[in-house]
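The values are calculated or read from the model by the stated rules, or taken from the named source; none is laboratory data. Computed from a predicted model, the values in this text were never measured in an experiment. Cβ coordinates were reconstructed from backbone atoms using ideal geometry, including for glycine residues, and neighbour counts include every protein chain displayed. Accessible surface is based on the protein model in full, side chains and every heavy atom, while ligands, DNA and RNA are left aside. Shrake-Rupley method; radii C 1.70, N 1.55, O 1.52, S 1.80 Å.
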Amino acid sequence: MIVPGDPAFLCQAELCSAHCCKAFSVALRGDEVTRLERLGRVNRQRFLECEGGEPIALPLADPFLLAREDGHCAMLGADLRCTVYDARPNACRLYPHQVVFVEPGTGRRVTNVSHSSYRKALAGGDEALVPLLLRHLECPGFTGPPMQESEWAALFVETYRLQYRDQDVSLQQPLPA
Ligand code: SF4
């Protein structure tokens, strides 16, 4: 779990094996495909897994998959940096952070409740739902300066917004201290 005062994340591509861009297959939606084509200036046949020259589209909320080659994402450069950084998919923007909601007492993860319930919990107004900001333990990038409470709160809300696709949540959303 990440709390105010913990070190901020700074990508250490030269020190690590770019675990995030190697270990995981990245799923993405149509709007993220469009962003990659537009900002990344790259053809979808180049960055999506294809079959017979056409992108594979699975019957899922995130139907497309980033192409992989030589055991890593096809967009990873030789210097272990992303070659389409400004247009990268949401999953890449989230990494290495994650927001989960749990029941106090049991610690059981709660999913599939409404955005309004999540927002209420983020504002500290739901005693039955506790939001937590988590980090990927294997990522070696948590070497930055200690996060101020305002930076931590902004990261918390931005991670929630991207992960839960809730555009209406405010960056000023109060969080439980
Ligand atoms: S798109 Fe960029 S950040 Fe995302 S997995 Fe590929 S190389 Fe890594």
(request) Given the options Pro140, Pro59, Pro131, state which has the largest fluctuation in a GNM of the chain using a 10 Å cut-off (strictly under) for Cα springs. (result) Pro59
(message) List the residues, sorted by chain then number, that are 5 or more residues from Cys82 or on another chain and whose placed amide H is less than 5 Å from its amide H.
(response) Gly77
(message) Loop-only GluC sites (Glu not before Pro) in the stretch 73-152, please: DSSP not H, G, I, E or B, and at most 14 other Cβ atoms within 10 Å.
(response) Glu127, Glu138
(message) Connecting C-alpha atoms closer than 10 Å in a GNM of the chain, tell me which of Ala121, Ala13, Ala61 has the biggest fluctuation.
(response) Ala61
(request) List the residues whose amide H sits under 5 Å from the amide H of Ala74, counting only those 5 or more places along or on another chain, with H placed 1.01 Å from N in the peptide plane. (result) Ala67, Arg68, Glu69
(message) With a cap of 14 neighbouring Cβ atoms within 10 Å, and only residues DSSP puts in a loop, list the trypsin sites (Lys or Arg not before Pro) found in the stretch 1-42.
(response) Arg41
(message) If I ignore ligands, DNA and RNA and count only protein heavy atoms, how much of Asp70 is accessible to a 1.4 Å probe, in Å² to the nearest 10?
(response) 140 Å²
(request) Keeping all protein chains in place, calculate the accessible area per residue for the chain (probe 1.4 angstrom), answer in Å². (result) 57 Å²
(message) Skipping prolines and chain starts, which residues have an amide H placed within reach, meaning under 5 Å, of the one on Phe142, given they are 5 or more residues away or on another chain?
(response) Leu10
(request) Whenever you get a sec, compute what percent of the accessible area on the chain sits on carbon and sulfur atoms (1.4 Å probe). (result) 53 percent
(request) Work out, in µm²/s and without decimals, the Stokes-Einstein translational diffusion coefficient of the stretch 27-88 at 10 °C, 1.306 mPa s, Rh from Kirkwood over C-alpha pairs. (result) 134 µm²/s
(message) Could you tell me which residue out of Ala128, Ala153, Gln163 lies farthest along the dipole of the stretch 119-171 toward its positive end? Charges go on the beta carbon: Lys and Arg +1, Asp and Glu -1, centred on the Cα centre.
(response) Gln163
(request) Over all alpha-carbon pairs of the chain, lay out the pair-distance distribution in 10 Å bins, whole %, shortest bin first. (result) 9, 32, 33, 21, 4, 0
(message) Could you work out the relative contact order of the chain? I mean the mean sequence separation of Cα pairs under 8 Å and 6+ apart, divided by the number of residues, in percent.
(response) 29 percent
